[in-house]
Amino acid sequence: MRQKLVVGNWKMHGCGADNRRLLQALVAGLPTVGDASVAVCVPFPYLAQAQSLLAATPLAWGAQNLSEHAQGAYTGEVSAAMLADFGCRYAIVGHSERRALYGEADAQVAAKFAAAKAAGITPILCVGETLAQRESDETVAVVSAQLDAVLDAVGVAAFADAVVAYEPVWAIGTGRTATPAQAQAVHAAIRARVAGRDADVARGLQILYGGSVKAQSAGEIFAQADIDGGLVGGASLVAEEFLAICQAANR
Ligand code: PGA
C-alpha cells in the first residue's frame, strides 16, 4: 500500500502573522489526520519561518519552484542547495502556472527535477492538460509527453523518490474538479507509462491529484485506486478545510 500524501500549495499568498496562525493550527490538528503525510509548499521568504515552526513536528515543508542551476549569475533565482539549507523536503516542479506564465518548457522542468534530486529534495512533478486538449481527446498524449520528457532526461530510477501530481489545467483554481473517474483514468495512465520503464518504481510512485480539491470532494477522489493524495491550492490556506482534506486521505 502506498502511503497517502497531501501537499498544500500556498502559491503567492500569506504574510508572517497569517502563516504563523495557519501553521500552528495545522500542527495542532495534525494528530487527527492519522497516517497520511502532510506538507506545505510556502513562498521562498517564508521557508525560514516554516523551518523554525515545523522542525520538531510531523508537518513537512517545501518550495513551489527552484532554479535548474546550481549557482551563478542568475538574479532572482533560488537553488536546490539553498532550499535544502532551509530543510525543504519537497519542491514543486513544472506547475502549470510556471509553464503557462513563465514559459517553462519540458526540458527546463526536467532540469529542475534533476536539480532537486541532486540536493536530496523530493520533486513533485506536475503534469496536466488544458481544456482544449481534453476536449480534443489529447489528455493522455499530453500528460505522457510531459512525463516522458522528464523520464528520458533523468531515468526512471529517479522516480523511486519522486512524486507526480496530475493537475488538469482547467480544474486549477476554477472550482471545477475532475470527476473521480476522470482523474483515476489519467492516474492509471501515468502509472502504466512509468511501469513501461520499471514496474516496481510505478507501483511505489505516489501520484497526487490537484485542481480545486475541497474537503467535500476529497474523500471520493482519494478513494480511487491510483490516487495517492492531493496537491491542494486554495483550500490549503484555511486550516480546518485543509485538515479535513488530510483526514479524507486517511479513509
Ligand atoms: P487549487 O490549486 O486547489 O486552488 O485548484 C491546485 C494547484 O494549483 O496546485
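Descriptive notes on the structure:
- Looking at Ala235, Ala215, Ala181, Ala188, just one residue is open to solvent by 10 Å² or more (accessible area, probe 1.4 Å) and within 15 Å of the ligand (Cβ to nearest atom), and that residue is Ala215.
- Pick from the range 121-156, criterion among the β-branched types (Val, Ile, Thr) and open to solvent by 20 Å² or more (accessible area, probe 1.4 Å), ranking: nearest to Gln108 (Cα to Cα): Val154
Yes/no matrix, rows are residues, columns are (1) open to solvent by 30 Å² or more (accessible area, probe 1.4 Å); (2) assigned to a helix (DSSP H, G or I); (3) without any contact (Cβ under 8 Å) to a residue 40 or more places away in the chain; (4) of a type outside the set (Asp, Glu):
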position: Ala17; (1), (2), (3), (4): yes, yes, yes, yes
position: Gln51; (1), (2), (3), (4): yes, yes, yes, yes
position: Leu83; (1), (2), (3), (4): no, yes, yes, yes
position: Ala91; (1), (2), (3), (4): no, no, no, yes
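- Qualifying positions in the range 218-227 - of a type outside the set (Gly, Ala, Ser) and within 15 Å of the ligand (Cβ to nearest atom): Ile221, Phe222, Ile227
- Listed by first and then second residue, the pairs linking a residue in the range 114-135 that is in contact (Cβ under 8 Å) with a residue 40 or more places away in the chain and more than 18 Å from Ile207 (Cβ to Cβ) to a residue that is among the aromatic types (Phe, Trp, Tyr) and open to solvent by less than 50 Å² (accessible area, probe 1.4 Å), with Cβ atoms under 8 Å apart and 6 or more places separating them unless they lie on different chains, are Ile121/Tyr90; Thr130/Trp170.
- Evaluated against (1) more than 19 Å from Glu97 (Cβ to Cβ); (2) within 16 Å of the ligand (Cβ to nearest atom); (3) not in a helix (DSSP H, G or I), Leu125 falls short on exactly one condition, (1).
- Contact annotation: residue pairs with Cβ atoms under 6 Å, 6 or more positions apart or on different chains, pairing a residue in the range 168-187 that is at pLDDT 95 or above with a partner that is open to solvent by 40 Å² or more (accessible area, probe 1.4 Å) and more than 9 Å from the ligand (Cβ to nearest atom), are Val169/Thr130; Trp170/Leu131; Pro180/Glu220; Pro180/Gln224; Gln184/Gln224.
- Answer residue from the range 157-171, given it is open to solvent by 30 Å² or more (accessible area, probe 1.4 Å) and of a type outside the set (D, E, K, R) and is nearest to the ligand (Cβ to nearest atom) among those: Val169
- Pro31 meets each of the listed conditions (1) outside any loop (DSSP other than H, G, I, E, B); (2) at pLDDT 95 or above; (3) open to solvent by 70 Å² or more (accessible area, probe 1.4 Å) apart from (2).
- Selection count where residues are more than 18 Å from the chain's Cα centre (by Cα), of a type in the set (Gly, Ala, Ser) and within 16 Å of the ligand (Cβ to nearest atom), scope the range 1-34: 1
The values are calculated or read from the model by the stated rules, or taken from the named source; none is laboratory data. A quick note: this is a predicted structure, and the numbers were derived from the prediction, not measured. In this analysis, Cβ positions are derived from the backbone assuming ideal geometry, glycine residues included, and neighbour counts consider all displayed protein chains. Heads up: the accessible areas ignore ligands, DNA and RNA and are worked out on the full protein's heavy atoms, side chains in. Shrake-Rupley method; radii C 1.70, N 1.55, O 1.52, S 1.80 Å.
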